[in-house]
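Beneath this line is the structure, given in structure tokens, with notes to follow.
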Amino acid sequence: MIKRLLITGASGAIGSCLRAEMRNAYALVRLSDVRPLPAPVAVEECIRADLGNFEAVASLMQDIDCVIHLGGVPKEDSWNAILEHNIVGTYNVFEAARQAGVKRVIYASSNHVIGYYRADKTIGVEEPPRPDSRYGVSKVFGEALGRLYADKHGLSVACLRIGSFRERPQNVRQLATWISPRDMVHLVRCCIDAPDYRFLVLYGVSNNDRNRWRNPAAAVIGYQPQDNAEAHASEFQAPRPDGTDPSTEFHGGEFCSIEFTNIINKIE
Ligand code: 15L
């Protein structure tokens with residue numbers, strides 16, 4: 001039974017949204033971020049910590065049952081930033097969790113793990129990764145770490161390949177990739193509360209008509225998203241894809257265009 005949570009990256013958009021719900025449902029909610037955090041409410045504790053510092057991460061883990069690891073750089077960035085915040089930070093979280101006897105880690109992965117698959121192809125969790133950025137590569141690394149700690153140490157791990165977390169979809173791509181705040185909270189609660197599982201990979205996406213991600217593990221944990229981006233479809237004009245813009249050709253959208261020097265047709 002999971003009662004005591006640690007949320008890393010708690011000042012971010014997803015962390016702030018989860019926070020309001022979690023404090024009413026669990027016995028302890030420890031919130032951590034390298035940035036300032038709003039004052040704790042009820043069962044919350046707020047601790048500023050840099051995930052690059054192993055000792056600081058280790059002290060966050062004391063008496064914790066489940067970590068929701070959101071911390072890190074949330075978009076494409078320099079190699080140094082990705083290395084420090086996403087690669088080293090995520091290693092520190094898994095290793096400190098193991099040392100402290102934490103039962104479960106819920107890892108915020110990203111759809112950018114599979115960003116260079118063609119947008120018209122439906123992708124599940126069995127296909128090999130095709131990251132679209134250094135950021136995407138760091139999420140592949142995080143999923144691999146999760147698999148390692150699940151197999152080698154028996155940690156329970158869920159990796160969430162989160163789509164576009166927004167109040168409402170912002171563009172045509174997000175009519176497929178959107179996850180609403182309500183569905184995000186429900187997804188994380190399902191991952192926390194589901195009884196025994198060892199290792200799961202799930203897409204964090206709402207019940208969108210245009211969704212192109214297969215999510216077999218949703219049934220395992222009881223994830224039943226309520227919102228559908230199609231309700232916003234009339235707000236956007238679909239660009240006419242002419243095969244020249246990576247951001248409309250592939251799942252990863254704009255991340256695929258960043259620093260792109262290849263020829264689109266060479267990507268099978
Ligand atoms: C992500 O992983 C990012 O953190 C987020 O900012 C969005 O860009 C999202 O993916 C997306 O693909 O829309």
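The values are calculated or read from the model by the stated rules, or taken from the named source; none is laboratory data. Model, not experiment: these values are computed from the prediction. A quick note on method: Cβ atoms are made from the backbone with ideal geometry, for glycine too, and the neighbour counts reach across all protein chains shown. Note: accessible area is taken over every heavy atom of the protein model, side chains too, but ligands, DNA and RNA are not part of it. Shrake-Rupley method; radii C 1.70, N 1.55, O 1.52, S 1.80 Å.
Which trypsin sites (Lys or Arg not before Pro) in the stretch 1-56 sit in a loop by DSSP (not H, G, I, E or B) and have at most 15 other Cβ atoms within 10 Å of their own Cβ? Walk me through the numbers on the way to the answer.
On the way: sites: K3, R4, R19, R23, R30, R48; in loops: K3, R23.
Qualifying residues, ordered by number: K3.
Using the beta-carbon distance between I264 and N24 and R0 = 45 Å, what value does 1/(1 + (r/R0)^6) give for FRET efficiency, to the nearest 0.05?
Working: r = 48 Å, r/R0 = 1.07.
Computed FRET efficiency for I264 and N24 comes out at 0.40.
I need the P(r) histogram for the chain: all alpha carbon pairs, bin width 5 Å from 0 out to the longest distance, whole percents.
1, 6, 13, 17, 20, 17, 12, 8, 4, 2, 0, 0
Tell me the per residue accessible area of the chain using a 1.4 Å probe; a whole number in Å² is fine. Mind showing how you got there, number by number?
Details: 12320 Å² over 268 residues.
In whole numbers, the chain has 46 Å² accessible per residue.
Return the long-range amide H neighbours of R214 (sequence gap of 5 or more, or a different chain), with a cut-off of under 5 Å between placed amide H atoms.
It is I123, G124, by chain and number.
Per-residue ellipticity at 222 nm for the chain, helices alone: DSSP H runs ≥ 4 residues times -39500 (n - 2.57), over residue total, nearest 500 deg cm²/dmol? Working shown, then result.
Numbers: 8 runs with 75 residues, N = 268.
One gets -8000 deg cm²/dmol as the mean residue ellipticity at 222 nm.
Taking θ as phi - 60°, what are the ³J(HN,Hα) couplings along the stretch 172-188 by the Karplus curve (6.51, -1.76, 1.60), each to the nearest whole Hz, with x for Gly and Pro?
4, 4, 6, 5, 9, 9, 4, 10, 7, x, 4, 5, 5, 4, 4, 4, 5
With just the Cα atoms defining each centre, how far is the stretch 124-161 from the stretch 1-72? Give it in Å.
That distance is 21 Å.
Of the options A39, C190, V137, report the single residue whose Cα projects farthest towards the positive end of the charge dipole of the stretch 4-266 (beta-carbon charges: Lys, Arg +1; Asp, Glu -1).
The one lying farthest along the dipole's positive direction is C190.
For the stretch 197-250, run through the chymotrypsin sites (Phe, Trp or Tyr not before Pro) and keep only the ones in DSSP coil with at most 12 other Cβ atoms within 10 Å of their Cβ. Spell out each step's value before the answer.
Working: sites: Y197, F199, Y203, W213, Y223, F236, F250; in loops: Y197, Y223, F236.
The qualifying sites: there are none.
Working with all protein chains in place, sort E254, E127 by solvent-accessible area computed with a 1.4 Å probe, largest first. Before the final figure, lay out each step's value.
Values: E254 135, E127 40 Å².
Result, largest first: E254, E127.
Using modelled amide H (1.01 Å from N, peptide plane; none on Pro or chain starts), what sits under 5 Å from the amide H of F165, excluding residues fewer than 5 places away?
I179
Compute the angle between helix 13-22 and the longest alpha-carbon principal axis of the chain, please, reported from 0 to 90 degrees and rounded to the nearest 10.
For 13-22 against the chain, the angle is about 50 degrees.
D for the stretch 68-134, whole µm²/s, Stokes-Einstein with Kirkwood Rh over alpha-carbon pairs at 10 °C and 1.306 mPa s: what number?
The calculation lands on 117 µm²/s.
Considering Cα pairs under 8 angstrom that are at least six residues apart, work out the relative contact order of the stretch 4-266 and quote it in whole percent. List each step's numbers first, then the result.
Details: 546 pairs, mean separation 43.1, N = 263.
It comes to 16 percent, rounded to a whole number.
If you line up the long axis of helix 134-153 against the longest principal axis of the chain, both from Cα atoms, how many degrees apart are they, to the nearest 10?
With rounding to tens, the tilt is 50 degrees.
Express as a percent, rounded to the nearest 5, the fraction of DSSP beta bridges in the stretch 4-266 (both residues included) that run antiparallel.
Values: 1 of 35 bridges.
Looking only at bridges with both residues in the stretch 4-266, the antiparallel portion is about 5 percent.
Per residue, how big is the convex hull around the C-alpha atoms of the stretch 39-176? Give it to me in cubic angstrom, could you? Could you put the intermediate results ahead of the total?
Numbers: hull volume 18.4 nm³, N = 138.
It is 134 Å³ per residue.
Treating cross-link reach as a plain straight distance, find the aspartates and glutamates whose alpha-carbon is under 19 Å from the alpha-carbon of K3, omitting any fewer than eight places away in the same chain.
E21, E44, E45, D63, D65, D193, D196
Taking amide H positions as placed in the peptide plane 1.01 Å from N, state which residues far from Y203 in sequence (5 or more) or on other chains have amide H under 5 Å from it.
R161
As a quick test, which of the pairs K139/K266; K75/K266; K75/K139 have an alpha carbon distance above 19 angstrom in this structure? If you can, show how the numbers build up before the last one.
Numbers: K139/K266 24 Å; K75/K266 25 Å; K75/K139 11 Å.
Over 19 Å Cα-Cα: K139/K266; K75/K266.
If you fit an axis through the alpha-carbon atoms of helix 89-100 and take the longest principal axis of the Cα set of the chain, what angle between them do you get, 0 to 90°, nearest 10?
The two axes meet at around 30 degrees.
Accessible area of the stretch 4-266 with a 1.4 Å probe: how many percent of it is carbon plus sulfur? List each step's numbers first, then the result.
Working: 5860 of 11840 Å².
Carbon plus sulfur share of accessible area: 49 percent.
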